[in-house]
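Working notes, structure below.
Taken together, the values in this text are just the output of simple stated rules run on the coordinates, not laboratory data. All values reported here derive from a predicted model rather than from experimental measurement. Please note: Cβ atoms are built from the backbone with ideal geometry, for glycine as well, and neighbour counts cover all protein chains shown.
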Amino acid sequence: MKKTILASLLMMAVSMPLYAQEEIEAAPAQEASEQVAEEQPAEEQAAAEPEKKTKGEWTTSSTPQLKIDEAYYNNWSAAGNARLAVTGAFNGTYKYVNGKNIWDNIVDLAFGIHWQDLDGKNTPLLESLRKNEDKIDLTSTYSRALKNSWNVNAMANFKTQFYKGYQYGEDTALISNFMAPAYLTTALGFEYKKDWWNVSLSFLTGRTTFVCSDSLIKNGYNYGVIQDTDFLTTGHYRHAYFGLGSYVKFYMKKDIAKNLNLYVRAELFYDYMKRSNLQREAGIRNELIQNGYANWNYGKKLGYCLYHEMDFDLEVKLEYRFSSWLAAYAGFQMRYDSDFRSVNEWGQNVTNKGAMGALQFFQTAGLQIYFNWKTPKEA
């Protein structure tokens, strides 16, 4: 027994130094491997780690506005008519940025009514209410950055109005309504974008015009939605017209002086298909033949095409901010629509006269109360 115990102790005494030697030899190897790992470039270490998805950022701005104009006269020697005008508006911009991807959304709404005592005899309110502003304008644009401020983008824009529009006079006539007309524009193209202005250019743009009212079309208010020559007798109405063409848009918004902001928007659309669609109508063909279209020179033909196939819209606003909630404003909008004659002439003849544009002009100025909520946040 004593021999067995002595043999075991002898084996332990021999093996312990050997095990200690293995640990001493392994330690430098471990330190060397750790040193090599530390000396690896940061890019290689980052590549070895799992990729983290970047989060996009929303930047939003919501601005409701209220405009009020009031006047009252009683036994006033200089004379005048009492009036009250109230307009509500909303402007919102919602932008999402994630790397090279940009998603811009703009909401522009306005609706206003005014009452005026036209005969000086306290005309009942409902009998003398008039609409002074009516707009629905929604835009959504996806852009991907290329180089040197250039982007490739896809855009969709929708325009219409909230309520019925009338031409007042001896015979009050309904000339427009919700979705009559309405315009849906979709475009693929390029955009040159700076901090406070941008230009969009598209040679592939679809524009659909909707007139969802048989009564308006019957009275001649077809807004360019071409009808069959016998639509009055057959009762078959077309409620949409699709145009394909080129689209150019310029947009800017900038503080040009302290508390003074300038906003400009200009849009131009040229319809490639308009000429062939119009010339299918017997009335247009006869008009061209009678006017000797075949013998016109190039300049005259070009002018005719632009006059009948191009739409242009320009809007300018100037705003001076007195405080964070009060501002004075002035603005105008000028529009040329090749499918619009005028509210006085249009509608007197229900047959297709063809496109014959007329300038439209809208101007406004006054004081407004507004609030603004800006909410940048991560998605």
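Numbers below:
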quantity: Long pairs among K131/K300; K67/K194; K249/K274; K147/K274, criterion Cα-Cα beyond 28 Å; calculated: K131/K300; K67/K194; K147/K274
quantity: Selection from S200, I113, F178 lying farthest towards where the dipole of the range 95-235 points positive, charges on Cβ; calculated: S200
quantity: Residue-by-residue Karplus 3J(HN,Hα) for the range 104-110, coefficients 6.51, -1.76, 1.60, Hz, glycine and proline x; calculated: 9, 10, 10, 10, 10, 10, 7
quantity: Spacing of the two label points (7 Å from each Cα toward its C-beta) at K135 and Q360, in nm; calculated: 1.2 nm
